[in-house]
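All remarks here apply to the structure that follows.
Where a number appears in this text, it was derived from the coordinates with a stated rule and is not lab data. Note that this is a predicted model, so its numbers are computed, not measured. Here the Cβ is made from the backbone with ideal geometry for all residues, glycine too, and neighbour counts use every protein chain on show.
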Amino acid sequence: MRAALVRLRRATGLPIAFGGLLHDAQRLRIAQLSGAQTSALHGLSICMGNGLGGKSMALSRPCAVTDYREARHISHEYDSAVSTEGLRSVLAVPVVVRRRVRGVLYGALRRPMPLGDRTFDAAVAAARDVEQALVVRDEVQGLLAIAREPVAGPGAWEEVREVHGELRALAPKVADPELRETLLAVCERLAEAGVRSDAPPGTGTRRPMQPVALAPRELDVLACVAAGATNVTTADRLGLRPETVKGYLRAAMRKLGAHTRLEAVVAARRAGLLP
């Protein structure tokens, strides 16, 4: 959200942009501001249908007013905060994920004048960026929940390996550094669990082979290959070209002393790099 607001201001020259996510089905809290001169808007709770943002939430489409204080087609519960910040011309764009409004981005001027198509297009693009980030976050959180479940039953490890590959593929797309570190930490735990699961009965945890240092992208590629993905599918998942995937795979095979894709996966599992 913060990065999207900064990009919106840079693209449009708007002096202020702000926004937030819904914390329940009917209410949004403004949590991020860029260019604000006061704290009047920070933490403001917006109800569905109220004000410009509430109208945008209810209609699930962008809305704008040329002069907020004189606008007749919105309610005016938030006039005090808007006036304190000195806002006049305001637009609001909903953040919609899977047909559900998840937040609203605002942009504003401190003088009453129409906002052009370029400004609207930039605001919609910023909202789309937030939507994509939320989609990735939702996928990551769903996969993390699966990864934390106990492993049991036939075929369970194949599911774990598939989840591991999907998490590795999503990691570079996660903008939130804390969430990305959590994701990669879970990937490491899954790989370690894979080593333990392969221990001979009665011997405890099997000690992995001599550590091999693979680059993050080499490990991402191997995780996809271990899940049965082709080079083309791997390239699509990781946002790479197939030729680049081949290069990473060759480098990983060389480091692991493997001659085939299968040998590379087996060697990576023995080294505790894959579950």
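Observations
- Relative contact order computed over the chain (Cα-Cα under 8 Å; 6+ residues apart), in percent: 13 percent
- When only Cα pairs below 8 angstrom with a gap of at least 6 residues are kept, the range 228-275 shows a relative contact order of 19 percent.
- Zero-based 10 Å bins, Cα pair distances in the range 43-82, whole percents: 33, 59, 8
- Partners for Lys173 among lysines (Cα-Cα distance below 25 Å; same-chain residues under 8 apart left out): Lys246
- Each Cα pair of the chain feeds into the Kirkwood radius, which the Stokes-Einstein equation turns, at 10 °C and 1.306 mPa s, into a diffusion coefficient of 74 µm²/s.
- Residues Met253, Met113 arranged by fewest to most Cβ contacts within 10 Å: Met113, Met253
- Residue exposure sequence - Tyr248, Tyr106 - by fewest surrounding Cβ within 10 Å: Tyr248, Tyr106
- Relative packing of peptides 20-30, 93-103, 221-231 - highest average C-beta neighbours within 10 Å first: 221-231, 93-103, 20-30
- Normalised by the number of residues in the range 1-126, the average gap of Cα pairs under 8 Å and 6 or more apart makes the relative contact order 27 percent.
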